[in-house]
Amino acid sequence: MRSELREQAQFWERRFFATPPDRSLADRDWSWLVERFRREGTRTVLDVGFGRGHWSVALARAGFQVTAIDISELAVQHLRSWAEEEKLQIEAFVCPAQELPTNRVFDAVIANSVLDHMFKEEAEEAMRRIRAVLRPGGLLLLGMDGPPDPEDEAYPHQVFPDGTWQFWGGRRDRMLWRFWTDEEIRELLAGFLIEEFTVRPKDGRRRVWARKLYAQEN
Ligand SMILES: C[S@@+](CC[C@H](N)C(=O)[O-])C[C@H]1O[C@@H](n2cnc3c(N)ncnc32)[C@H](O)[C@@H]1O
């Protein structure tokens, strides 16, 4: 893996796995997601940048066949053992989103809070690949952070020409983060029909449901 990606993987491992991960998030009410996928006749789901794996586990518990990728080896080990303990159908492997192989097809893809943790061009490449593996008419759920708040602004960081921030020191040391404007998110979703675009009032976090257009509609 490229050294910049390894650096990011190490950051997330420090953040997530310094202490045993809390699995309770998977026990929350996921019906908003599960029901929507069921209505679509979804069977296979790809979880991009799955982190501690709550989304993957919640979906696998509901009977979906989940494939999950992350840059972190520790994340993969954790999710594999969690899936084994619960006898869930989850295939987890290390793979940067921007290097996702495009030889598989999924009914749905989720990418929550991951494409905003890389450079803009890398996120664009990741989205091209996500689009390539999603079946025509399939649903993508994309989650992107809201704009920087005063705490983010105050945290030591440098800003790259594409608008990506890298934090230095403390608990965010080396984390890449980029604020995507609503317009940029819409551009990123070229080739999709945006069905829902919601902004959480408390922090501006965006949740977007987008459907992959059929080839003739591109
Ligand atoms: C903020 S967490 C989100 C985790 C999960 N999606 C969730 O919503 O709980 C970001 C995750 O993306 C992973 N990640 C960061 N850069 C990545 C990349 N280029 N490709 C794949 N995963 C990446 C990190 O290792 C981390 O697990």
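FYI, it's all coordinate maths here, none of it is from the lab. From a predicted model like this one, the values you see are computed outputs, not experimental measurements. Using ideal geometry, Cβ is built from the backbone for each residue, glycine included, and neighbour counts are taken over all protein chains shown.
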Where Rh denotes the Kirkwood radius from the mean inverse Cα pair distance, what is Rg over Rh for the range 177-218? 1.04
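By how many nm would the segment from residue 15 to residue 94 grow when fully extended, if each residue of separation counts as 0.36 nm and the alpha-carbon distance is taken off? Can you show the working numbers first?
Numbers: separation 79, 0.36 × 79 = 28.44 nm, distance 1.73 nm.
Using 0.36 nm per residue and subtracting the Cα-Cα distance, I get 26.7 nm.
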The alpha-carbon center of the range 94-137 and that of the range 140-218 are separated, in whole Å, by 14 Å
Magnitude of the Cβ-charge dipole (Lys and Arg +1, Asp and Glu -1) of the range 127-200 about the Cα centre, nearest 20 debye, reported as 540 debye
Using +1 at the C-beta of Lys and Arg and -1 at the C-beta of Asp and Glu, which of 59, 161, 42 has the Cα lying farthest in the positive direction of the dipole of the range 37-181? 42
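Taking R0 as 30 Å, what FRET efficiency do you get between residue 194 and residue 86 from their Cβ-Cβ distance, rounded to the nearest 0.05?
On the way: r = 34 Å, r/R0 = 1.14.
Plugging the Cβ-Cβ distance into 1/(1 + (r/R0)^6) gives 0.30.
Please report the antiparallel percentage of DSSP beta bridges with both residues in the chain, rounded to the nearest 5.
Working: 19 of 38 bridges.
The antiparallel proportion sits near 50 percent.
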Using alpha-carbon coordinates alone, the radius of gyration and Dmax of the range 73-125 in Å work out to 13.1, 38
For the chain, the Cα gyration tensor yields equivalent-ellipsoid semi-axes (√(5λ), largest first, whole Å) of 25, 22, 17
So what is the 222 nm mean residue ellipticity for the chain from helices alone, if each DSSP H run of at least 4 adds -39500 (n - 2.57) and you divide by all residues, rounding to the nearest 500 deg cm²/dmol? -10000 deg cm²/dmol
Let me know the charge dipole size of the chain about its Cα centre in debye, to the nearest 20, where only the beta-carbon of Lys, Arg (+1) and Asp, Glu (-1) is charged. 600 debye
Which net charge results for the neighbourhood of residue 203, defined as the other residues with beta-carbon distances under 9 angstrom from its beta-carbon, given Lys and Arg at +1 and Asp and Glu at -1? +1
When 1/r is averaged over all different Cα pairs and the result inverted, which Kirkwood radius in Å belongs to the range 49-172? 15.9 Å
